[in-house]
Amino acid sequence: MADTTVAAAQTSASASRPASTTDSPPVSTADSTPDSGPASTPATQLVAPAGEPSTLFYRFDLDPDFSGAPDVSLRLPPRPLTAQDRIVRAGAHFVRVGTGTDDAPTGERLKIYGINLSFAANFPTAEMAPVVARRLRVLGFNGVRLHHMDTKPGRAATPESILTDRPFPSFNNQAVDRLKTFIAALAQEGIYVDLNLRVGYPFRSLVDDVPELPPSGETAPLHIFYPRMQALQAQYARALIERLGLVRNPVLAMVEINNESSLLYSYERGRLSAALTRPWREALGLRWRAWLKQREPGVSDAYADLQFTAVMAVRGETFATFLRDMDRQYLNELRAVVHTAAGWPVPVTGTQMGYGGQAYVQSHADMDYLDEHFYIDHYDFPGIAWSRTDWHFRNNDVTRTEMQKLAVSHKRRDPTRPWAMSEYNMAYPNQQGAAIMPVVAAMALAGDWDALYFFDYADGKVWNRAADSFTLSGDPAKMALTGQSAELFRAGQTAWIPYDWAFENGKSNDLFALETPFAAGIMGRQDKGKTYYAGPMTLTLDTTARGYATTLINALDQQPLTQSRHLLITHVAGTRGSEPGSQPLRPKALKRVGEFTLLAPDEQGTAGPGGPRDASGPMWLEYAPARLTLKRAPDAVGATVPDAGGNAMPDAAGGKALDAVGRALQDRPVANAQPTAGAHADGTTKGSVAASTVGHGQRWTVYPLATDGKRLRPLAADAVSIRDGALQIMLTTPYGQASPWYEVVATPEVVQ
């Protein structure tokens, strides 16, 4: 077994640098010698928000057109969609038709890692359409959910809806042209679309020739049973598919009929009665008559009407069954319309599991796949709904308090049909929000799900450069993790996660550990100074960190993680926008009121109890200094490397070998030696590792990556080492520029 030499590019920085930067000035590595022309590296400026002196941030405005190692399309290369890429359901999964037929497809299985676009974001200009498509491709998305296309009908110069304000469905030709061009650009990048039909169109009695709407404002279920509304929705579906050029177009992957709405859900929530003013009650009563006569042939209209009055008052099982059947009939009729209009049995679903009532699986018995939405710590609005400044949340965590929701959804699904999650998120500025993407991707991989759609990329007339509520665009913490999460779900072969905790019991925990042959991750709250394990990886947060991080490492060369010579580490915690007008510029502060969290009001004066949900740039990432180790396979590392003083270096896990299988998430204190002069806080001696060893060694270089994905100057020599067969990397500013991304490269050593 050959010896291995580990070295980072040398710098002239002092060997007595501190391991923590809490009391240290920014350190520049501008005098480092680059290996392959990395970008220049400014000093990392660590800044605390007002009133949060122990939570430090560094600026990081992630470039939406980044390239380099985080570009997933380098490993999941796209290709334009062809006729063989049309999607059908085959048993429990989606598959490509291939060279077969709709009934006998021959193509491979398709898993969709997607993103939502909402309102005006569905209609980019012809110039922006290919730009946005490329951005989504680079992030690893192969699906776009076209959401809220119908919600804001009007005649705005920049379309926010595919509809005008004329009688439904009247199409906005400019919006149709823009979306058709955008869909073509997506297809060129190998990206499918999920077409949402009914989301938020507000039927209007005078314009659309329907009865006067109830004054309660509760109108959601009326379109399900009222005949004219049903006919208009069928007309809309046919025209939409035709106008967008989706007839037998392989870009159309799936269709959703009715977002977050059903009769049964409204009934179970006690909302149906308020909507059933006289004309609507009479219409539903006629549907009841027909339904009851099928169940009890020969009954009179008068008897059926009496029964309707009785079951409405009793709220019993019979009425619930009737509503379930109304939901099912509505969905089946529109599914047939979509299949006919599209020209093939494109997968269709109805509404989401959480909005379908207790009989969801039965009302969706004829749907091609099932769907769910999953939000953690959604905003509460004490006053006006969707206020920018009057909102709060509880700052919860997916790994601590919310796993039961995901576990329940997973257990309720029908395993004989494909399963999708078409919306999920933890909204900005949740301090743990970045974990949502890798955690859900890992759950989906382990649970054998079929489609994920993050909500959302953008929803306005501009492409965000700062975080805004649910948007991915402008949120550097979530965006930095997106590519690895996409790659995990789309290309992952097997995954180990704490299955009984995540799926069977739905228990909450502080940590989520992930292990696949090509990736590992540790996500959640961590005791500072303790070492946590996920397969061959360990992570130890510095004592100056907040105690939370989301960390992923994956192989970029298609090799097993323990043998890979090219790796990407993503390490993030929280993210914030900037305090408007602050001099010098600093991150926005959080404000806590009892159990709730919100942003502090703008210092220049914002109407409302809190700061806006849409951030002001530039964006900041929370600094979470840490030590990461990765166990190397025996034939990949060679012998133990001595330090500069000739002494064997202690193992990074406190003298205990790492478990290469990693079947249990462990929490062990770090058994550090007492620090001495010239020692790091972890007890190891400072100084550069020996430059060469006998035999065929390797040189390891760790590059922080810039906001555009390009390499900055590498970490200092003493930031990288091999200790008892484990590669150790110090992710702290004394060794180089702070970044959420670190590219790790092994090259053959050049012996001087």
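Taking region 274-309 as the region of interest, how many residues are within 40 Å of the chain's Cα centre (by Cα) and surrounded by fewer than 16 Cβ atoms within 10 Å (Cβ to Cβ)?
Residues in region 274-309 being within 40 Å of the chain's Cα centre (by Cα) and surrounded by fewer than 16 Cβ atoms within 10 Å (Cβ to Cβ): 1 in total.
Give the residues of region 607-624 that are crowded, with 24+ Cβ neighbours inside 10 Å and either polar (S, T, N, Q) or closer than 8 Å to ALA466 by Cα (or both), sorted by residue number.
Answer for region 607-624, where residues must be crowded, with 24+ Cβ neighbours inside 10 Å and either polar (S, T, N, Q) or closer than 8 Å to ALA466 by Cα (or both): ALA615, MET619.
When region 57-103 is examined, which residues are found to be in a strand (DSSP E or B) and more than 26 Å from VAL744 (Cβ to Cβ)?
ILE87, VAL88, ARG89, ALA90, HIS93, PHE94, VAL95, ARG96
Within region 449-468, count every residue that is open to solvent by 10 Å² or more (accessible area, probe 1.4 Å), in a loop (DSSP other than H, G, I, E, B) and at pLDDT 90 or above.
Within region 449-468, residues that are open to solvent by 10 Å² or more (accessible area, probe 1.4 Å), in a loop (DSSP other than H, G, I, E, B) and at pLDDT 90 or above number 1.
Return yes or no: is ARG335 basic (Lys, Arg) and touching a helix residue (DSSP H, G or I) at 6+ places or on another chain (Cβ under 9 Å)?
So ARG335 does not fit the description; no.
Quick one: in region 535-558, of everything that is without any contact (Cβ under 8 Å) to a residue 40 or more places away in the chain and either assigned to a strand (DSSP E or B) or not small (Gly, Ala, Ser) (or both), which residue is nearest to THR399 (Cα to Cα)?
ALA555
Yes/no per residue for (1) open to solvent by less than 10 Å² (accessible area, probe 1.4 Å); (2) in contact (Cβ under 8 Å) with a residue 12 or more places away in the chain; (3) in contact with a Cys (Cβ under 9 Å, 6 or more places away or on another chain):
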site: LEU117; (1), (2), (3): yes, yes, no
site: PHE123; (1), (2), (3): yes, yes, no
site: GLU127; (1), (2), (3): no, no, no
site: ARG134; (1), (2), (3): no, yes, no
site: LEU139; (1), (2), (3): yes, yes, no
site: MET149; (1), (2), (3): yes, yes, no
site: PRO153; (1), (2), (3): no, yes, no
site: PRO159; (1), (2), (3): yes, yes, no
site: THR164; (1), (2), (3): no, no, no
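Take region 130-186 and flag every residue that is more than 21 Å from the chain's Cα centre (by Cα), aliphatic (A, V, I, L, M) and part of a loop (DSSP other than H, G, I, E, B).
Hits for region 130-186 are MET149, ALA156, ALA157, ILE162.
Going through region 343-367 one residue at a time, which ones are open to solvent by 10 Å² or more (accessible area, probe 1.4 Å) and within 24 Å of the chain's Cα centre (by Cα)?
Selection gives GLY354, TYR355.
Taking region 202-258 as the search range and keeping residues that are charged (D, E, K, R), closer than 22 Å to SER273 by Cα and free of Cβ contacts under 8 Å to residues at least 60 places away in the same chain, which one is least open to solvent (accessible area, probe 1.4 Å)?
In this case the residue turns out to be GLU218.
Please give the number of the condition THR550 fails out of (1) touching a His at 6+ places or on another chain (Cβ under 9 Å); (2) open to solvent by 30 Å² or more (accessible area, probe 1.4 Å); (3) over 23 Å from GLN698 (Cβ atoms).
Among (1) touching a His at 6+ places or on another chain (Cβ under 9 Å); (2) open to solvent by 30 Å² or more (accessible area, probe 1.4 Å); (3) over 23 Å from GLN698 (Cβ atoms), the lone unmet condition for THR550 is (2).
Which members of region 180-198 meet the condition of being open to solvent by less than 20 Å² (accessible area, probe 1.4 Å) and not small (Gly, Ala, Ser)?
Passing the criteria: PHE182, ILE183, LEU186, ILE191, TYR192, VAL193, ASP194, LEU195, ASN196, LEU197.
Every residue, every condition in (1) closer than 30 Å to GLU212 by Cα; (2) touching a Ser or Thr at 6+ places or on another chain (Cβ under 8 Å); (3) open to solvent by less than 50 Å² (accessible area, probe 1.4 Å); (4) touching a residue at least 24 places away in the same chain (Cβ under 8 Å), yes or no:
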{"residue": "VAL311", "(1), (2), (3), (4)": "yes, yes, yes, no"}
{"residue": "GLU333", "(1), (2), (3), (4)": "yes, no, no, yes"}
{"residue": "ASP380", "(1), (2), (3), (4)": "no, no, no, yes"}
{"residue": "HIS392", "(1), (2), (3), (4)": "no, yes, yes, yes"}
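Is there a residue being assigned to a strand (DSSP E or B), buried (at least 20 other Cβ atoms within 10 Å of the Cβ), modelled with pLDDT of 90 or more and among the hydroxyl-bearing types (Ser, Thr, Tyr) anywhere in region 402-422?
yes
Checking PHE94 against (1) crowded, with 16+ Cβ neighbours inside 10 Å; (2) touching a helix residue (DSSP H, G or I) at 6+ places or on another chain (Cβ under 6 Å), only one condition comes out false. Which one?
Just one mismatch for PHE94, condition (2).
Out of the residues in region 695-731 that are β-branched (Val, Ile, Thr) and open to solvent by less than 10 Å² (accessible area, probe 1.4 Å), which is nearest to THR538 (Cα to Cα)?
ILE729
The values are calculated or read from the model by the stated rules, or taken from the named source; none is laboratory data. Remember, predicted model here, so these are calculated numbers, not experimental data. Using ideal geometry, Cβ is built from the backbone for each residue, glycine included, and neighbour counts are taken over all protein chains shown. What goes into the accessible areas is simple: the full protein's heavy atoms, side chains included, and nothing from ligands, DNA or RNA. Shrake-Rupley method; radii C 1.70, N 1.55, O 1.52, S 1.80 Å.
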